[in-house]
Amino acid sequence: MIKVGIVGGTGYTGVELLRLLAMHPEASVQAVTSRKEDGMPVSEMFPSLRGRVDIPFSAPEKAVLTDCDVVFFATPHGVAMAQAPELLAAGVKVIDLAADFRLQDTAVFEKWYKIPHSCPEILKEAAYGLVELNRDAIRKARVVGNPGCYPTTMQLGLHPLLKAGVIDPSHLIADCKSGVSGAGRKAEVAMLFSEAADNFKAYGVSGHRHLPETVAQLSRMTDGKIGLIFTPHLVPMIRGMHSTLYAHLTADVGNEALQALFEDAYRDEPFVDVMPFGSHPDTRSTRGSNMLRIALHRPDDGPTVVVLVVQDNLVKGAAGQAVQCMNLMFGLDETAGLMHVPLLP
């Protein structure tokens with residue numbers, strides 16, 4: 001049984017980790033940290049976990065994380081890199097759901113996150129946790145930087161096209177929408193019900209932290225220079241993400257061949273569903289699951305290919321993907337604890 005610690009268990013990704021790990025056949029949660037809720041039973045804050053998670057929150061200084069096999073960080077940026085050296089020295093594996101181990105270029109990290117990177121040597125060995133594209137490195141890793149939610153949809157949506165060299169990598173557009181839970185569990189005016197409900201808006205148009213992460217990973221898929229316009233939007237729903245990706249075709253390729261690129265790329269992937277050409281996947285078809293669904297369109301059979309990608313931002317976009325990484329790191333079946341059917345309606 002894998003002994004699991006969770007640092008920062010009171011946010012949405014933290015409780016999603018707890019939900020998934022509570023039903024995992026090979027994992028046992030040993031510690032969940034929260035300074036403010038020290039001593040409070042986890043199920044008191046999250047009644048959905050009554051009878052499933054029977055331990056209390058522990059202040060960080062009280063939790064013996066070095067006794068765990070793996071520690072998940074569902075925390076703000078900067079926390080994981082501060083604690084990673086001690087944990088790794090004790091033989092504990094680290095999976096960070098924030099950005100500390102996503103960007104290999106420390107200068108880029110410091111530009112976008114406004115904090116210095118405290119352990120660049122550990123960063124060098126960290127694996128990027130997008131399983132479908134980096135499975136072998138994750139299996140061997142001691143440290144994993146879990147991908148951002150938006151970058152997951154953009155990378156899986158564009159990878160087959162970039163790999164095949166059939167699109168112009170310098171003119172990519174990503175028009176992405178996320179539910180309010182993507183902003184985290186915190187008190188902010190913009191997240192209040194009266195502000196977010198019956199409303200729809202773009203944000204981060206001039207620059208979003210997920211842009212450099214996505215560009216860095218897309219650059220690994222092609223020899224061409226990546227040019228990406230990424231516009232995120234907030235939609236009035238709790239969870240779910242829909243990314244509409246646009247790319248200009250540079251090769252004479254038919255619709256059946258385009259579809260085949262995606263079906264061949266993801267044929268054996270348990271959590272990527274390539275739908276029939278011309279389908280319209282919706283966010284509720286992935287709600288509560290680790291599944292990501294993709295569909296292709298080609299308006300008027302013209303030079304533009306449109307890729308629709310949907311996922312649950314808290315599962316495949318965060319906690320589910322992290323558990324998928326854990327399974328690989330410990331030699332388990334990749335799907336262990338993750339075969340939940342999406343919730344409908």
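The values are calculated or read from the model by the stated rules, or taken from the named source; none is laboratory data. Just so it is clear, the model here is predicted, and its values are computed rather than measured. When we count neighbours, we look across all protein chains shown, and the Cβ atoms used for this are built from the backbone with ideal geometry, even at glycine. The area values use the complete protein model at the heavy-atom level, side chains included, leaving out ligands, DNA and RNA. Shrake-Rupley method; radii C 1.70, N 1.55, O 1.52, S 1.80 Å.
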Criterion violated by residue 55 - all others in (1) open to solvent by 10 Å² or more (accessible area, probe 1.4 Å); (2) over 15 Å from residue 3 (Cα atoms) satisfied: (2)
Pick from region 224-258 the residues that are open to solvent by 50 Å² or more (accessible area, probe 1.4 Å) and of a type in the set (Val, Ile, Thr): which of them is modelled with the lowest pLDDT? 238
Please verify whether residue 310 is closer than 23 Å to residue 230 by Cα and among the aliphatic types (A, V, I, L, M), treating the condition exactly as stated. yes
Is there a residue in region 157-175 that is more than 20 Å from the chain's Cα centre (by Cα), without any contact (Cβ under 8 Å) to a residue 40 or more places away in the chain and not in a helix (DSSP H, G or I)? no
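Anything in region 1-44 that is more than 14 Å from residue 57 (Cα to Cα), outside any helix (DSSP H, G or I) and either among the basic types (Lys, Arg) or open to solvent by less than 30 Å² (accessible area, probe 1.4 Å) (or both)? List them, or say none. Full working, then the answer.
First, pick out the residues of region 1-44 that are more than 14 Å from residue 57 (Cα to Cα): 1-3, 12-13, 16-17, 19-28.
After this cut, where a residue has to be outside any helix (DSSP H, G or I) as well, the list is 1-3, 23-28.
2, 3, 24, 27, listed by residue number.
Being under 21 Å from residue 72 (Cβ atoms) and surrounded by 17 or more Cβ atoms within 10 Å (Cβ to Cβ) is the requirement here; does residue 295 meet it? Let's see the steps before the verdict.
Working: under 21 Å from residue 72 (Cβ atoms): no; surrounded by 17 or more Cβ atoms within 10 Å (Cβ to Cβ): yes.
Criteria not met by residue 295.
Mind listing whichever residues of region 300-342 are among the charged types (D, E, K, R) and open to solvent by less than 10 Å² (accessible area, probe 1.4 Å)?
The initial filter retains those residues of region 300-342 that are among the charged types (D, E, K, R), namely 300-301, 312, 316, 333-334.
The answer is 312, 316.
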For residue 270, which of the numbered conditions (1) touching a strand residue (DSSP E or B) at 6+ places or on another chain (Cβ under 7 Å); (2) within 24 Å of residue 317 (Cβ to Cβ); (3) open to solvent by 40 Å² or more (accessible area, probe 1.4 Å) fails to hold? (1)
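In region 80-87, is there at least one residue being free of Cβ contacts under 8 Å to residues at least 60 places away in the same chain, farther than 24 Å from residue 339 by Cα, touching a strand residue (DSSP E or B) at 6+ places or on another chain (Cβ under 7 Å) and not polar (S, T, N, Q)? Quick ask: steps written out before the conclusion?
The first filter runs over region 80-87 and keeps only residues free of Cβ contacts under 8 Å to residues at least 60 places away in the same chain, leaving 81-82, 84-87.
Filter once more, keeping what is farther than 24 Å from residue 339 by Cα: 81-82, 84-87.
Still in the list and also touching a strand residue (DSSP E or B) at 6+ places or on another chain (Cβ under 7 Å): 84, 87.
So of that shortlist, the ones also not polar (S, T, N, Q) come out as 84, 87.
There is at least one residue in region 80-87 that is free of Cβ contacts under 8 Å to residues at least 60 places away in the same chain, farther than 24 Å from residue 339 by Cα, touching a strand residue (DSSP E or B) at 6+ places or on another chain (Cβ under 7 Å) and not polar (S, T, N, Q).
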Out of everything in region 176-185 that is open to solvent by less than 40 Å² (accessible area, probe 1.4 Å) and in a helix (DSSP H, G or I), what residue ends up being modelled with the lowest pLDDT? 183
Count of residues meeting criterion [polar (S, T, N, Q), open to solvent by less than 50 Å² (accessible area, probe 1.4 Å) and either touching a Lys or Arg at 6+ places or on another chain (Cβ under 6 Å) or not in a helix (DSSP H, G or I) (or both)] in region 100-117: 0
Need the failing condition index for residue 66 against (1) out of contact with any Asp or Glu (no Cβ under 9 Å at 6 or more places or on another chain); (2) outside any loop (DSSP other than H, G, I, E, B), just the number. (1)
Taking the conditions exactly as written (of a type outside the set (S, T, N, Q) and in contact with a helix residue (DSSP H, G or I) (Cβ under 9 Å, 6 or more places away or on another chain)), does residue 305 satisfy them or not? yes
Would you check which residues across region 118-156 are assigned to a loop (DSSP other than H, G, I, E, B) and either open to solvent by less than 20 Å² (accessible area, probe 1.4 Å) or among the β-branched types (Val, Ile, Thr) (or both) and list them? 119, 126, 129, 130, 141, 146, 147, 148
Could you list, in sequence order, the residues of region 191-223 that are farther than 22 Å from residue 99 by Cβ and either of a type in the set (S, T, N, Q) or open to solvent by 30 Å² or more (accessible area, probe 1.4 Å) (or both)? 192, 193, 194, 195, 198, 199, 200, 201, 222, 223
With criteria (1) buried (at least 17 other Cβ atoms within 10 Å of the Cβ); (2) in contact with a helix residue (DSSP H, G or I) (Cβ under 8 Å, 6 or more places away or on another chain), residue 48 comes up short on (1)
Hey, any hits in region 76-92 for a residue that's in a loop (DSSP other than H, G, I, E, B), more than 23 Å from residue 138 (Cα to Cα) and open to solvent by 60 Å² or more (accessible area, probe 1.4 Å)? no
Here the residues within region 64-90 that are within 21 Å of the chain's Cα centre (by Cα) and β-branched (Val, Ile, Thr) are 70, 71, 75, 79
